[in-house]
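Written out below as structure tokens is the structure these notes cover.
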Amino acid sequence: MLRSLNKIHNYVLQAEDGKIGHCKDLLFDDHFWTIRYLVADTGNWLPGLKVLLSPISFGEPDWDSRIFPVRLTKKGIEDAPKLDEHAPVNRQHEIHWTEYYGWPYYWGGSYAWGVGAHPGALYYEKLSNKKAIEVNSESNHLRSVHEVTGYHIKESDSGIGHVKDFLADDKTWSIRYMVVDTHNWLSGKKVLISPDWIDSVDWEENKVSVALTSEQVKNSPEYDPSTGVSREYEVRLHEFYDRPKYWK
């Protein structure tokens, strides 16, 4: 099922032995457009530190109560490799952090999660004590959902709107769509644009260029956040843009 990442903000994070804090951001990689970490606000528990939680460790969320169970102990999280709250998450830190938990690297295979199609597969790799695959320490490209929200969307030289939200698959944690608010152009209409339809992203200028025309976007199926996204709607959306369906 697709979930709004805006709505996950402030979800309570529950470790195996107590509350950790709440979600304040999510980090995704700009190659697979997949959520790699949830950033926790731990209050006074671990002040000054950036506490990262991987979807590998997620239990089944209670979507109604807004609670994220985490299959880790508070002591295990506290003893993990430390990262300053304002420091970027580089690949070397990811290597130390991932090896601390004993999981395979998510960037070391052909799937969105390396050796698995979804993060839960890597959790069980840990439990079976299989050796993590060897990878180099190449640079990562993690982006903050909080920071990218608000980026301007454009085709050629025309502005279409701005990023209002993201919709992610709650099993794979892949971002399937950007929710684009076109209120400065189409009187408040919201549309969905897949990361697969992006030409380029200017991370310095906060702009996303898409391989769509303004006329296409104007006539595309409207997205209503109150009704969610059905497979019927997705079929209609992909057929309108004449794009391959990701679920086939």
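The values are calculated or read from the model by the stated rules, or taken from the named source; none is laboratory data. Worth saying up front: this structure is predicted, and the values here are computed from it rather than measured. Cβ sites come from the backbone with ideal geometry, for glycine too, and all protein chains shown count toward neighbours. For the accessible areas, the whole protein counts, side chains as well, though only heavy atoms, and no ligand, DNA or RNA atoms are used. Shrake-Rupley method; radii C 1.70, N 1.55, O 1.52, S 1.80 Å.
Numbers below:
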| item | result |
| --- | --- |
| Any pair with Cβ under 7 angstrom, 6 or more apart, that starts in the range 36-49 at a residue that is in contact (Cβ under 8 Å) with a residue 24 or more places away in the chain and ends at one that is of a type in the set (Ser, Thr, Tyr) | Arg36/Ser54; Arg36/Tyr106; Tyr37/Ser54 |
| Selected residue (criterion: nearest to Leu72 (Cα to Cα)) from residues of the range 1-42 that are touching a helix residue (DSSP H, G or I) at 6+ places or on another chain (Cβ under 9 Å) and small (Gly, Ala, Ser) | Ala15 |
| Filter pass, Trp97 being touching a residue at least 24 places away in the same chain (Cβ under 8 Å), open to solvent by 40 Å² or more (accessible area, probe 1.4 Å) and of a type in the set (Phe, Trp, Tyr) | no |
| Single residue of the range 42-62 satisfying the filter (in a loop (DSSP other than H, G, I, E, B) and over 28 Å from Gly108 (Cβ atoms)) that is most open to solvent (accessible area, probe 1.4 Å) | Asn44 |
| Among (1) at negative phi; (2) open to solvent by 20 Å² or more (accessible area, probe 1.4 Å) - the single one Gly102 does not satisfy | (1) |
| Sole residue being open to solvent by 10 Å² or more (accessible area, probe 1.4 Å), under 23 Å from Tyr106 (Cα atoms) and β-branched (Val, Ile, Thr), chosen from Val89, Val70, Val12 | Val89 |
| Only one of Val39, Val115 that is under 16 Å from the mean Cα position of the chain (by Cα), of a type in the set (Val, Ile, Thr) and surrounded by 15 or more Cβ atoms within 10 Å (Cβ to Cβ) | Val39 |
| Considering residues of the range 171-211 that are under 26 Å from Trp107 (Cα atoms) and of a type in the set (Gly, Ala, Ser) only, the residue surrounded by the fewest Cβ atoms within 10 Å (Cβ to Cβ) | Ser200 |
| Residue match in the range 55-62 (condition: closer than 24 Å to Asp170 by Cβ, in contact with a helix residue (DSSP H, G or I) (Cβ under 6 Å, 6 or more places away or on another chain) and among the aromatic types (Phe, Trp, Tyr)) | no |
| All positions within the range 24-36 that are in a strand (DSSP E or B), out of contact with any His (no Cβ under 6 Å at 6 or more places or on another chain) and open to solvent by less than 40 Å² (accessible area, probe 1.4 Å) | Leu26, Leu27, Phe28, Thr34, Ile35, Arg36 |
| Qualifying residue in the range 219-241 (condition: open to solvent by 20 Å² or more (accessible area, probe 1.4 Å) and under 30 Å from Val115 (Cβ atoms)) | yes |
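Results for (1) within 15 Å of His152 (Cα to Cα); (2) touching a strand residue (DSSP E or B) at 6+ places or on another chain (Cβ under 7 Å); (3) charged (D, E, K, R), shown as yes or no for each residue.
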position	(1), (2), (3)
Leu192	yes, yes, no
Ile198	yes, yes, no
Val201	yes, yes, no
Glu204	yes, no, yes
Leu212	yes, yes, no
Pro221	no, no, no
Ser226	no, no, no
